[in-house]
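One structure is given here, and the rest of the page talks about it.
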Amino acid sequence: MEPSSGKILAMVSKPDYDPNTINETWNDLINKEKESQNDDTKENESALLNRATQGLYPPGSTFKILTILEYIRENPDYEDYTYHCEGTGVFNSVTINCYNNKKHGEVNLLESFAKSCNTSFANISTSLSAESFRKLCDTFLFNNPLPTDFVYNRSSFVIDKKSENYELPQTSIGQGDTQITPLHNGLIVATIANGGAMMKPYVVDHVENESGIVTKKYMPEIFDTLMTPEEADILTSYMAEVVNSGTATALSGKEYSVAGKTGSAEYQENMPAHAWFVGFSNIEKPDIVVSIIVESVGTGSDYAVPIAAKIFDAYYDE
């Protein structure tokens, strides 16, 4: 999508179907949907579900964007933060591991984000106000309607002032009970790319009659300003470091610049994680935002980042 306008330039959901042959394939589509709904152990394989707007997933480490923002708002001295990562740790009685138990060593806040250090973020979570964290996430439209007429599911964030301390470490790294749609994740990143203002997303540019005369034109519309330009700049610099030295270095060295965040969202024991990447191109004057999830494959670095590269390359025709 275009962060400055809210225009959705492309929306893809797989598995899909050909509307030109819907009469022939309708019964098969309905049967697959019923099979998925009746089997709790089976992933929803229905092509009738628009995963871009209706699919609810753990955000994984893409959620660290909001965790960072909450920490910065609560701690004006955030640049002084340091933590020594041993690859695993216990926080509020909860064991948190970095991916493959990787030991990141001494990290500051920027390095924690770029390397996606789970234990550092769990450590951060122990000092956060659950009530303030909930207010931030509500502001960013968790548990609330999105500013669109699309058919979608609401994202959810369950932490509040009544939550137990042990719920915060998992939540801070995008696990726990948090759920988000790819559309919503894209809107959050678009807000950062747009200097703090969230635009209302839309897919129809204009309507023409049979003579080619434009009868209706849709125009960009601001929904709300959710962060200051200074906060958006800080988050952009953190997301740029993910590409420069962190988990999305495959996007560095291009003709265009990229800021983003990877995620590997665990959702079921003994199953590969969902792979996430959210980000935007041309950092100084952002052109497009992408929100990508690949179900049940592994890390965002391995599976979502290469898709982002193909989209950005196609946009700039590299």
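I want to verify a result. In a Gaussian network model of the chain, Cα cutoff 10 Å, which of these has the top mean-square fluctuation: GLU269, GLU24, GLU210?
Of GLU269, GLU24, GLU210, the most mobile in the Gaussian network model is GLU210.
With everything on Cα atoms, drop me the angle between helix 22-38 and the longest principal axis of the chain, reported from 0 to 90° to the nearest 10.
Roughly 30 degrees, rounded to the nearest 10.
Per residue of the range 111-128, in order, report the coupling 6.51 cos²θ - 1.76 cosθ + 1.60 (Karplus, θ = phi - 60°) as ³J(HN,Hα) in whole Hz, putting x for Gly and Pro.
Whole-Hz 3J(HN,Hα) from phi for the range 111-128: 5, 4, 6, 4, 8, 6, 7, 5, 5, 5, 5, 5, 4, 4, 4, 5, 9, 7.
Measure nothing fancy, just the Cα-based angle from helix 229-245's long axis to the longest principal axis of the chain, in degrees from 0 to 90, nearest 10.
80 degrees
What does the range 171-217 give for Rg and for Dmax, in Å, if only its C-alpha atoms count?
17.4, 54
Would you mind telling me which residue in THR299, THR126, THR191 has the biggest mean-square fluctuation in a Gaussian network model of the chain, where springs connect alpha carbons within a distance under 10 angstrom?
THR126
Can you give me the Cα centroid spacing of the range 81-100 and the range 260-318 in angstrom?
25 Å
Taking the convex hull of the Cα atoms, report for the range 47-94 its projected area averaged over all directions, in nm².
6.0 nm²
Determine which residues of the range 63-102 fall in the zone a paramagnetic label at THR228 would reach in this model, i.e. backbone nitrogen under 20 Å from the point 7 Å along Cα→Cβ.
Correct set: 65-81.
Could you identify which residue out of ASP177, ASP233, ASP205 has the top mean-square fluctuation in a GNM of the chain using Cα springs shorter than 10 Å?
ASP205
Taking θ = phi - 60°, what integer Hz values does the Karplus form 6.51 cos²θ - 1.76 cosθ + 1.60 yield along the range 46-62, in sequence order, with x for Gly and Pro?
Karplus-based 3J(HN,Hα) across the range 46-62 equals 5, 6, 7, 8, 7, 4, 5, 10, 10, x, 9, 9, x, x, x, 6, 4 Hz.
Would you mind checking LYS261/LYS285; LYS34/LYS200; LYS14/LYS217; LYS7/LYS217; LYS217/LYS310 for any pair whose Cα atoms are more than 24 angstrom apart?
With Cα atoms farther than 24 Å apart: LYS34/LYS200; LYS14/LYS217; LYS217/LYS310.
Apply the Karplus parameterisation 6.51 cos²θ - 1.76 cosθ + 1.60, with θ equal to phi minus 60°, to every residue of the range 263-268 and state each ³J(HN,Hα) to the nearest whole Hz, in sequence, with x for glycine and proline.
x, 10, 9, 7, 9, 7
Could you list which residues have their amide H under 5 Å from that of ILE288, counting only those 5 or more apart in sequence or on another chain, with H placed in the peptide plane?
Those qualifying (amide H under 5 Å, at least 5 residues apart or on another chain) are SER281.
What number do you get for the range 193-302 when its Cα radius of gyration is normalised by 2.2 N^0.38 Å, N = residues?
Expressed relative to 2.2 N^0.38 Å, the Cα Rg reads 1.37.
More than 26 angstrom separation, counting every C-alpha pair in the chain; what % is that?
For the chain, the share of Cα pairs beyond 26 Å comes to 47 percent.
Take the Cα gyration tensor of the range 263-318, multiply each eigenvalue by 5, square-root it, and list the three semi-axes largest first, rounded to whole angstrom.
Semi-axes (√(5λ), whole Å): 26, 11, 6.
Quick one: which residues, 5 or more positions from PHE223 or on another chain, have an amide H under 5 Å from its amide H? H modelled 1.01 Å from N in the peptide plane, none for Pro or chain starts.
Result for PHE223 returns MET198, MET199, LYS200.
Rounded to the nearest 0.05, what FRET efficiency do THR139 and SER237 give with R0 = 22 Å and r taken as the Cβ-Cβ distance? Could you check?
Between THR139 and SER237 the formula returns 0.55.
Equivalent-ellipsoid semi-axes (√(5λ), Cα gyration tensor) for the range 51-146, whole Å, largest first?
Equivalent-ellipsoid dimensions as semi-axes: 24, 17, 12 Å.
Can you pull the one-decimal nm distance between simple spin-label points at ILE213 and ASN270, each 7 Å off the Cα toward Cβ?
6.7 nm
Laboratory data are not the source of any read-out in this text; all were calculated from the coordinates shown. All values derive from a computational prediction rather than experimental measurement. Cβ atoms come from the backbone with ideal geometry, glycine included; neighbour counts cover every protein chain shown.
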